[in-house]
Amino acid sequence: MSSIDDAPLALAQKASFDQVAETYAAVRPGYPAALYDTLARLDALNPSTRVLEVGCGGGQATGDLAARAGQVVALDPGARLIEAARRRIGAPNVEFVVARFEDYAPAPESFDLVASAQAWHWIPRDIAFPKAAEALAPGGWLAVFGHVPLAIPAPFDASFKTAFDRYAPGVWGMPPSQAAYLPSGPFAGMFARSALFGPAMHHAYPWIWTLDPETLGAFLRTDSSYHFLPERERFALFDALSDAVAAGGGVLPAAWETHLYVACRL
């Protein structure tokens, strides 16, 4: 996966999250408890840990990090997202900052863990790894993680394919944009090529997200990967997919995996 550049579509994708901040905060899923358990076993996350969270969004990971850490500084460029996350979390050990990671200037070696949930791919790689390493104290950790949707189960797959073929021809069967977080994606290699971290350890956590038509429709409206479609076709696709779930009984048991890449600063 390439770093996101400043092309018009990429800018629209970046801005889209803050435009739907309340929906994003309400509907986006959190992360498995086992992921935080893994970080705790590595001693990357403990009651004295100082965490810098990159791209906190609506706080999907922030609260769980705060519950296990001493201090969390949570960054996001979206002011509405920060406000939604602040209302959602309300933890006294969290400081929310409206800023891009690229523009934020932490004191050198002032954090023990830099964590990024579903956001690291937005940071140019020539900035991301050096800046994380500079922010980390000796022995500090970088943790990058994200969700990946798997295949749509039967009997929904046929109706989903029909909707995609109508409103987004050629897309059905292509890997989702989140597939970059799979082991076949770039993250482990990016850690290695930075030469700033030890070998990235990979962990996978499978889970099922049970979606009703309303939740599916709301989630899709927070997914920037559909912004290549004109608005009319985009929302028609979302409505068709929600209608397919309703027609199929009203419950979609969607299989997902969360993938974690974590490495110690050299």
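None of the figures in this text is laboratory data; all of them are computed from the coordinates on show. Keep in mind it's a predicted model, so treat the numbers as computed, not measured. Note that each Cβ is placed from the backbone with ideal geometry, even for glycine, and that neighbours are counted across all protein chains shown.
Here are some notes:
- For G248, no residue 5 or more places off, or on another chain, has a built amide H under 5 Å of its own.
- Neighbour-count order for D126, D239, fewest beta carbons within 10 angstrom listed first: D126, D239
- For segment 206-222, the residues whose backbone nitrogen is under 12 Å from a point 7 Å from the Cα of V251, taken along Cα to Cβ, are 210-212.
- Structure-based [θ]222 nm, the chain - -39500 (n - 2.57) summed over DSSP H runs of at least 4, per residue, nearest 500: -11500 deg cm²/dmol
- Comparing A84, A26, A192 in a Gaussian network model of the chain where C-alpha atoms under 10 Å apart are linked, the largest mean-square fluctuation is found at A192.
- Per-residue extension of 0.36 nm, minus the Cα-Cα distance of D157 and R193, leaves a gain of 9.1 nm for this segment.
- Spacing of the modelled spin labels on S225 and A33, each 7 Å from Cα toward Cβ, amounts to 2.9 nm.
- Put in order of Cβ neighbour count within 10 Å, fewest first, the listed residues K161, K131 become K161, K131.
- Cα gyration tensor shape of segment 126-266, rounded if a/c is under 1.5, else prolate or oblate by comparing a/b with b/c: prolate
- With each label modelled as a point 7 angstrom along the Cα→C-beta vector, the L42-A137 pair spans 1.8 nm.
- Inter-probe distance in nm under a simple model that places probes 7 Å from Cα toward Cβ, at F235 and A107: 4.9 nm
- In whole angstrom, the chain maps to an equivalent ellipsoid with semi-axes of 32, 19, 18, each derived as √(5λ) from the alpha carbon gyration tensor and ordered largest first.
- Dimensionless Rg over Rh [segment 10-116; C-alpha; Kirkwood]: 0.96
- Hypothetical label at Q19: residues of segment 73-89 whose amide nitrogen lies under 20 Å (7 Å Cα-Cβ projection): 76-85
- When V171, V245 are arranged by Cβ crowding within 10 Å, least crowded first, meaning fewest neighbours, the order is V171, V245.
- Between G78, G30, G170, the GNM of the chain built on Cα springs shorter than 10 angstrom shows G170 fluctuating the most.
- Shape category assigned to segment 184-266 from the gyration tensor of Cα positions, a/c cut at 1.5: oblate
- Potential extension, I127-A26 segment - 0.36 nm per residue separation minus Cα distance: 33.3 nm
- In this structure, the amide hydrogen of A74, modeled 1.01 Å from its nitrogen in the peptide plane, lies closer than 5 angstrom to those of E53, E95, F96, V97, counting only residues at least 5 positions away or on a different chain.
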